[in-house]
Amino acid sequence: MSEAGPDYLSNLNEAQRAAIEATEGPVLVLAGAGTGKTRVLTTRLVHILNQNLAYPSQILAVTFTNKAAQEMKERIGHLLGRSIDGMWLGTFHSLCVRILRSHAEWVGLQPNFTILDTDDQLRLIKQILKAENIDDRQHPPRLILSIISRWKDRGLTFEQVKRGEHDLAGKIYEQYQGRLQVLNAVDFGDLLLLCLTLFKQKPDILSSYQQKFRYLLVDEYQDTNVAQYLWLRLLAQGSDNLCCVGDDDQSIYGWRGAEVGNILKFEKDFPGATVIRLEQNYRSTSHILGAASGLIAHNQGRLGKTLWTDDKSEGEPVLIRGTWDSMDEARFIGDEIETLQRRGESLGQMAVLVRAGFQTREFEERFLKLGIPYRVVGGPRFYERMEIRDALAYLRLLVQPDDGLAFERIINVPKRGIGNTTVQAIHILAREQGISLSRAARYYAETAEKGAARVPLRKFFLDMDRWRSLLDQEPHVEVAKIVLDESGYTAMWREDKSADAPGRLENLKELVRALQEFEYIQGFLEHVSLVMDNNQQAEREVVSLMTLHSAKGLEFNVAFLAGWEEGLFPHPRALQDSGDSALEEERRLGYVGISRARKKAVVTYCFQRRMHQGWQTAIPSRFIKEIPLAHSVHINANGGEVSAAPASFHRAPVVDFRNSKPSFLDKTITLHSFQIGDRVFHQKFGYGEVMELEGDRLDIEFDEAGSKKIIADFVSKA
Ligand code: ATP
Ligand code: MG
């Protein structure tokens, strides 16, 4: 190779280049945020291909999300100037699926096995509990499932689970696996575990993969769990060419079984490993970097790293901004976004990062009001599920008889004997007459001379008319139930014997509950279409709204970090735990958050959150005072700098956190019998945390089901 090397190697620093060119043997790149780890990994892959060291199919690259895999693939194509097919590039799960589909029979599956989601898993556990006569209030399915999942994360099959350790869950684990086999299904944890079983039981298959994969590359290594680690170690034994990149300070999935220890013991596990540290940060201004580094320096359990930038501009100090309440916080951030946009900043380069899913709502409402396009990344997709779309189509047709799309969706769902030929004929009629599809259908039903579809079509329209007239007499929620029942739609799912049918019925019930929050069906549909429309803006420049967890690995010119209050961030769970490890994980999350920003980072907190008995004082996050003064400016909710003369507004304290004693952080907000931050349990939604109290209603962020408003009587303290 020439001195200068190929083009893709120019513009890289020496350490990065070393990490790329050390193609043989184990390599660990251990470095802080924004130092180019992902870039190194991508370029290394390009380098391997460019040097003809391997065919694309001989490279295995693991990314944290499917989206990251897609981006990496595009980038590789761009750097090489051609598109590359056949690489094994994806998440651990997607790569395991690929392996298992080829060898399903060896682990007792058929190649077309299904992958169950959490809903399905819970249903299965419930069925087992019922069959075993076990009270599911005493032994909540969600708890059992999480124990089983953690075992799987640790690479433990039910045979390997130690007796005496959650005996009941262990017994259910065994039965659960039995049922999965009958269903020809697996859950997410199984994807890795079954691969491990396959490799153990069929050494020849393992060895074929060991020989196949000449180079293995892994991003975000700090968040691998034990099963993933074992999987990698087995596969890497063939070539020994394993390159992992990661940052111990960004390990944020400990609660889901990730083992930061994997990265710390890399050198021991892979003797002779080259360890490369990258110290130059290319992403952020020096203030942002200083703020992020200052915060993470408060963690004890870390390797510690040097990070520097040659950013001469320095940029703006991190803005820490107090606001009165969550509405004011959303207003402030909305205004900032508009100002930045006027100054030419693109919306796609702005993100609002929150700790808990429920926090997005206030921002969504504000953004809708201001007309700021946004996308909730990884947000609830409830309204996109098939049965919900079907049910919505019925409701749409009810209030909007000309809604042709809705009509087409449900005209033969459930089956009414109205086939494609009829629908085609109606389409032609609609086009010829210039009328809507449903109008054409009505016309067709009344005038068509023959065709078996006439009778069911007529009945359909008679029913529709009847339901519509009910809207004047009955509450809209009742009418919705009648429509779903009398149309045969709910019956269709009740009779369906597939594993996901009960879940669909539950979703339909949830839809009716959501409808209760609105006065009219129209209002509800409008709300839904706003949510849905928002999801369709994938290609436009939009502000990203997401949790800190889903922001890992991403970068934005501007990052707004909202809700930095005790009991929200750090999360209440971290405050309850004895020891500092959960709190340190929260701090790492803060570090991930700040380090997403290139040019501008804004941290906000509220002085008050709305509670049951009016406004309650909230307490700014302890992390705020850990951001070095030299890299931040702290503005109070009244627009003054924090250390300036205190003013007393409401009951909101004006505190200079930097000088305050930790004791003021010890306060908790007490209300009713529930407190903000309480862990609670709900029969249907499982475990969650109380986020807000309003009268007898609790805003609960459920671990799996997302945020919901629940009457206090329906939940118990967990
Ligand atoms: P994180 O820890 O957040 O995942 P990372 O270490 O993976 O960060 P990258 O995302 O790879 O960092 O890089 C951060 C930014 O710096 C990217 O915009 C990248 O293109 C840029 N960058 C990386 N290396 C260089 C370089 N040598 N010269 C210029 N820009 C660089
Ligand atoms: Mg990265």
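The values are calculated or read from the model by the stated rules, or taken from the named source; none is laboratory data. The shown structure was predicted, so the numbers you read here are calculated from the model rather than taken from an experiment. Glycine also receives a Cβ, built like all others from the backbone with ideal geometry; neighbour counts cover every protein chain displayed. Calculation scope for accessible area: heavy atoms of the full protein, side chains included, ligands and nucleic acids excluded. Shrake-Rupley method; radii C 1.70, N 1.55, O 1.52, S 1.80 Å.
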Segment 1-138, dipole about Cα centre (Lys/Arg Cβ +1, Asp/Glu Cβ -1), debye to the nearest 20
160 debye
Surface accessible to a 1.4 Å probe, Ile627 within the full protein complex, Å²:
0 Å²
Taking one equal scatterer on every alpha-carbon of segment 136-177, how large is log10 of I(q)/I(0) by Debye at q = 0.24 1/Å?
-0.76
By the gyration tensor of its Cα atoms, with a ≥ b ≥ c the square roots of the eigenvalues, what is the shape of segment 464-518: rounded for a/c under 1.5, prolate for a/b over b/c, or oblate?
oblate
Taking the Cβ of Trp467 as the center, what net charge do the other residues with Cβ under 14 Å away carry, scoring Lys and Arg +1 and Asp and Glu -1?
-2
Tally up the carbon and sulfur contribution to the accessible surface of segment 1-158 as a whole percent, 1.4 Å probe, everything protein left in place.
48 percent
Based on the alpha-carbon set only, what is the convex hull volume of the chain divided per residue, in Å³?
198 Å³
Quick check for you: with a 1.4 Å probe and neighbouring chains kept, what is the accessible area per residue of the chain, in Å²?
45 Å²
Tell me the carbon and sulfur percent of the accessible area for segment 192-238, rounded to whole percent, probe radius 1.4 Å.
49 percent
Along the charge dipole of segment 294-428, Cβ charges K/R +1 and D/E -1, which of Val423, Val399, Leu303 sits furthest on the positive end?
Val423
Leaving out ligands, DNA and RNA, and with a 1.4 Å probe, what % of the accessible surface on segment 283-417 is carbon or sulfur?
49 percent
Applying the gyration tensor rule to the Cα atoms of segment 178-278 (axes a ≥ b ≥ c; rounded if a/c under 1.5, else prolate if a/b exceeds b/c, else oblate), the class is oblate
Please name whichever of Tyr444, Ile624, Met691 sits farthest to the positive end of the charge dipole of the chain, dipole taken about the Cα centre and charges placed at Cβ: Lys and Arg +1, Asp and Glu -1.
Tyr444
Highest first, please rank the peptides 102-109, 482-489, 439-446 by the mean number of other Cβ atoms sitting within 10 Å of their residues.
439-446, 482-489, 102-109
If you take the square roots of the eigenvalues of the alpha-carbon gyration tensor of segment 321-438 and sort them as a ≥ b ≥ c, do you get rounded (a/c under 1.5), prolate (a/b over b/c) or oblate?
prolate
Relative contact order for segment 357-469 using alpha-carbon pairs under 8 Å, separation at least 6, rounded to a whole percent?
19 percent
Would you mind calculating the relative contact order of the chain from Cα pairs under 8 angstrom and at least 6 residues apart, reporting the percent as a whole number?
15 percent
